[in-house]
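Written below as structure tokens is the structure these notes are about.
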Amino acid sequence: MPTTGPTPEQIKTFRTEHGLSQVAFAEKVMATRRTVEDWEAGRRAAPAMLHLVMRFLSHRQFLEGNLQLMREGHLRVRSGDQDITAQEIERSEMLLNEYRRLMGEAPEGPA
């Protein structure tokens, strides 16, 4: 994990590329709009963990769509010489739902 947080430019670029206002981004990373504003202006250093949160957010939509395709049997995923199992798909869904719960969103899919 990086030892320093993303730069002001990295945060603003990420936020704008994902179509998020400062308020919407703040909600997703569990911060205030003022904190995001301070990060982007360089008045406050962003935490190193924000790199991971931003990475997760950037892959979230991709993961959600592919989990559905795997569950329906339309997509087969292999890791090395083994197929990803249904249990691994369910575990991914549980983690995604836990993230949604932490972000204050309603869980989706099987509980």
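The rows are residues; the columns are (1) more than 17 Å from the chain's Cα centre (by Cα); (2) modelled with pLDDT of 70 or more; (3) loosely packed, with under 14 Cβ neighbours inside 10 Å; (4) among the charged types (D, E, K, R).
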| residue | (1), (2), (3), (4) |
| --- | --- |
| Phe25 | no, yes, no, no |
| Ala31 | no, yes, no, no |
| Met49 | no, yes, yes, no |
| Arg55 | no, yes, yes, yes |
| Arg60 | no, yes, no, yes |
| Asp83 | yes, no, yes, yes |
| Gln87 | yes, no, yes, no |
| Glu98 | no, yes, yes, yes |
| Pro110 | yes, no, yes, no |
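Name the residues in the stretch 62-81 that are at pLDDT 70 or above and part of a strand (DSSP E or B), would you?
Those that are at pLDDT 70 or above and part of a strand (DSSP E or B): none in the stretch 62-81.
The values are calculated or read from the model by the stated rules, or taken from the named source; none is laboratory data. Note that this is a predicted model, so its numbers are computed, not measured. Here Cβ is always computed from backbone atoms with ideal geometry, including for glycine, and neighbour counts include all displayed protein chains.
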